[in-house]
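> Got a structure here, written out as structure tokens. Questions coming.
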Amino acid sequence: MSLLGAPAAALPGATDTIVAIATPPGRGALSVVRISGPRAHAIGQSILARWPAHPRQAVLSEVHDESGTLLDQVIVVRYDAPASFTGEDSLEMSTHGGVVVPTTVVAAVLANGARMAAPGEFTRRAVLNGKLDILQAEATADLIAAGSRAAQRVALQQLDGGLSRRIAALRDQVIAIEALIAYDIDFPEEDDGPIAPARVLAALDTLERALDGLLATARGGELVREGALVVLAGAPNVGKSSLFNALIGRSRAIVTPIPGTTRDALEAVIDADPWPIRLVDTAGLRPTSDPVERLGIEVSESYVRRAAVVLCCGDDEVVLRAATATVKSVLGPDDSSLIVALTKCDLARESGVDVPALGRELGAAASVAVSAETGAGVQRLLTVIGDVLDQRVGAPELDAPLLTHARHRHAVSHALTELQAFRRAWSADRLPATIAAVYLH
């Protein structure tokens, strides 16, 4: 029985034997061809010279096509249902890499009755056959797409079932409350008497606090999975692109003395600790009659509004004050994400700018002096960004279950809304207990 309430075999195409190349295309030492389905073993035996006598045993073999032509020497591992990733009979062949070799091996499998797997179909079958739940399937995709060690760690924790166990425990708490209400409805005159309302309310309080706590992890989970959006903003030609290149450790942005060089946003991910950072270099914010530059500035303003942290850049005090005012006009009343960054501090040292005092005066969350030329202050800036993110979101607890997708947040939020509706209906006797319990269900 599948998680969707119907046997997996009843779904269209679920009884087909499927094949796919599991490794990225292109030149490489090895490629992995995976086969899964009821005819996986029969197909393997028909194209391989030697067959593993036992499951999970690696065997060196040769693979041939229908005409008997040798295609490659491969390492073969066989998996017997249900002890496989998909829960079906499966086969993995490690072939030599490149394009031609794995493609001809797949062609030989197709010629023997298999079909190409749809994207994600191996994982889909694992879910339908009860080998993974949907949270673990999402974690598989998150692990593959991880752009930082933090994202990797959270995905592995979810793949191990950490979030699934947390949800299962919360579900058990809901069922326990439902059982109390059912007992009260069905056995109102038992010797123990009716269930004390305080007992139900205490259980509700505990459950709602737990859901609130889980819901509070959603923002941090999103930042870990996608990277905290950190935007460099300010006037043109104040060193934003140079600072962008210095932070990511390589040249991505074009740096010239000509104002308005950056017309579009550039993004890069920094695997920083504890928060991965999605750094964005934007067009300079200034009045302009150039329609192309104006479009770039509109993109910049959009990024500033969505940013977790905004680095307001300027190469002297006057420019910083003007840039901060411009950025605050875009941000609106919530300017707690603002960090003032005095760029080109190797040139500005003689000006005597008191950066911490200026930052406090401008109402910034933090202030740093940096030099892309010498590297001074760059590491400190990364530390300050992490500190500001901790203040805004809370320090990340990467070993605790986190909500990492909008779907998770919506589901937990909806559950909390239903519990609150039950509390209002039941505690005030607005509805009969049998009707109020529908919210619990």
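The values are calculated or read from the model by the stated rules, or taken from the named source; none is laboratory data. In this text, all values refer to a predicted model and were calculated from it rather than measured experimentally. Reconstructed Cβ throughout: ideal geometry from the backbone, glycine too, with neighbour counts over all protein chains shown. Remember, those area values only see protein heavy atoms, side chains included, never the ligands or the DNA or RNA. Shrake-Rupley method; radii C 1.70, N 1.55, O 1.52, S 1.80 Å.
> Ranking request for peptides 201-213, 272-284: highest mean number of other beta-carbon atoms within 10 Å first, then the rest in descending order. All intermediate terms of the calculation are to be shown ahead of the outcome.
On the way: 201-213: 14.2, 272-284: 22.8.
Those peptides, ordered most packed to least, come out 272-284, 201-213.
> Moving on. Translational diffusion coefficient, Stokes-Einstein: compute it for segment 325-441 using the Kirkwood radius over C-alpha pairs as Rh, at 20 °C and 1.002 mPa s, and state it as an integer in µm² s⁻¹.
114 µm²/s
> What list of whole percents do you get for P(r) of segment 150-238, with Cα-Cα distances grouped in 5 Å bins up to the one holding the largest distance?
3, 11, 14, 15, 12, 10, 9, 7, 6, 5, 3, 2, 1, 1, 1, 1, 0
> Could you tell me the calculated FRET efficiency between Arg171 and Leu295, based on Cβ-Cβ distance and R0 = 56 angstrom, to the nearest 0.05? Please list the in-between numbers first.
Details: r = 49 Å, r/R0 = 0.88.
It comes to 0.70.
> Between Asp80 and Asp346, how many nm apart are label points set 7 Å from Cα along the C-beta direction?
The modelled label-to-label distance comes out at 6.8 nm.
> Ok, one more. Counting helices only, and only those DSSP H runs with n ≥ 4, report the 222 nm mean residue ellipticity of the chain as the sum of -39,500 (n - 2.57) divided by its residues, in deg cm²/dmol to the nearest 500. Could the numbers behind the result be given before it?
Working: 16 runs with 201 residues, N = 441.
Rounded to the nearest 500, the figure is -14500 deg cm²/dmol.
> In a GNM of the chain with a 10 Å cut-off on Cα contacts, which of Gly332, Gly394, Gly296 has the highest mean-square fluctuation?
Gly332
> Full extension from Asp354 to His414: what is 0.36 nm times the residue separation minus their Cα-Cα distance, to one decimal in nm? It would help to have the intermediate numbers written out before the result.
Working: separation 60, 0.36 × 60 = 21.60 nm, distance 4.95 nm.
Going from the current span to full extension adds 16.7 nm.
> Sticking with this structure for a sec: Straight-line reach from Lys344: which lysines have a Cα under 17 Å away, not including same-chain ones fewer than 8 places off?
Those lysines meeting the cut-off are Lys240.
> Additional query: Multiply the residue gap between Ala406 and Leu110 by 0.36 nm, knock off their C-alpha separation, and tell me the result in nm, one decimal place. All intermediate terms of the calculation are to be shown ahead of the outcome.
Numbers: separation 296, 0.36 × 296 = 106.56 nm, distance 3.81 nm.
Difference between extended and current length: 102.7 nm.
> In whole percent, how big is the carbon plus sulfur part of the accessible area of segment 325-441, probe 1.4 Å, protein atoms only? Write down the numbers at each step before the final one.
On the way: 3170 of 6160 Å².
It is 51 percent, rounded to a whole number.
> Based on the Kirkwood radius over alpha-carbon pairs, what value in µm²/s does the Stokes-Einstein equation return for the translational diffusion coefficient of segment 105-166 at 10 °C and 1.306 mPa s? Don't skip to the answer; put the middle values down first.
Working: Rh = 13.1 Å.
Answer, rounded: 121 µm²/s.
> Sticking with this structure for a sec: Can you give the percent of C-alpha pairs in segment 51-154 whose distance is more than 23 Å?
Numbers: 2272 of 5356 pairs.
Of the Cα pairs, 42 percent sit more than 23 Å apart.
> How big is the shadow of the Cα convex hull of segment 68-117, averaged over all directions, in nm²?
On the way: hull surface 16.3 nm².
Average of the hull's projected areas for segment 68-117 equals 4.1 nm².
> Moving on to the next point. Would you mind telling me the share, in percent, of accessible area of segment 45-174 contributed by carbon and sulfur at probe 1.4 angstrom? Don't skip to the end; give the middle numbers.
Numbers: 3650 of 6360 Å².
For segment 45-174, the apolar C and S fraction of the accessible surface comes to 57 percent.
> Suppose all protein chains stay in the model; what accessible area per residue would a 1.4 Å probe give for segment 143-232, in Å²? Don't skip to the end; give the middle numbers.
On the way: 4700 Å² over 90 residues.
Computed with neighbouring chains in place, this is 52 Å² per residue.
> Filter the chain for me: DSSP H helices, axial length by Cα at least 20 angstrom, mean Kyte-Doolittle hydropathy not below 0.5. List them by residue number. It would help to have the intermediate numbers written out before the result.
Numbers: long enough: 162-186 (36 Å, 0.54); 197-215 (27 Å, 0.63); 291-306 (23 Å, -0.50); 317-331 (21 Å, 1.05); 378-393 (23 Å, 0.54); 406-427 (31 Å, -0.65).
Membrane-span-like by this rule: 162-186, 197-215, 317-331, 378-393.
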